[in-house]
Amino acid sequence: MIENERVTARNLQEAVEEAGARACAGRPTVLAVQDTTDLLFKRAYRTEGLGYINGYKTPGLLAHSTLAVGEDAEPGHLGPPRGRTRPEAVA
């Protein structure tokens, strides 16, 4: 699947979002439990695509995830993780 040029990150994200909407449909209340986690790569200063975390000193990513939970405490859907980076370190 990874080598299939028709499969993109956006395609996968849309599929997860659509499945989540179906799983939550019809529920009177849905709680969106969220978490942001720092992924630190302390020795990856030459790795492209990473931002900086921890006071803009450590290369890494922020991963944000959301779990949709119904009133019955039954998980309805795990949303697509979102990643983001911060700008380069300030000199």
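Assorted remarks:
- Coupling constants for segment 17-26 follow from the phi torsions by the Karplus curve (6.51 cos²θ - 1.76 cosθ + 1.60, θ = phi - 60°), and in residue order they are 5, 5, 5, x, 4, 5, 5, 8, 4, x Hz; glycine and proline get x.
- Residue 11 versus residue 48: modelled label distance in nm, points set 7 Å from Cα along the beta carbon direction: 2.3
- Fully extended contour minus Cα-Cα distance, from residue 67 to residue 4, at 0.36 nm per residue: 19.8 nm
- Rounded to the nearest Hz, the phi-derived 3J(HN,Hα) couplings of segment 27-33 under the Karplus curve 6.51 cos²θ - 1.76 cosθ + 1.60 (θ = phi - 60°) are 7, x, 9, 10, 8, 9, 8, where x marks glycine and proline.
Any read-out appearing in this document is the output of simple, stated calculations on the displayed coordinates, not a laboratory observation. Everything numeric here is computed off the predicted structure, so don't read it as measured data. Methodologically, a virtual Cβ is constructed for each residue, glycine included, from the backbone with ideal geometry; neighbour enumeration extends over all protein chains shown.
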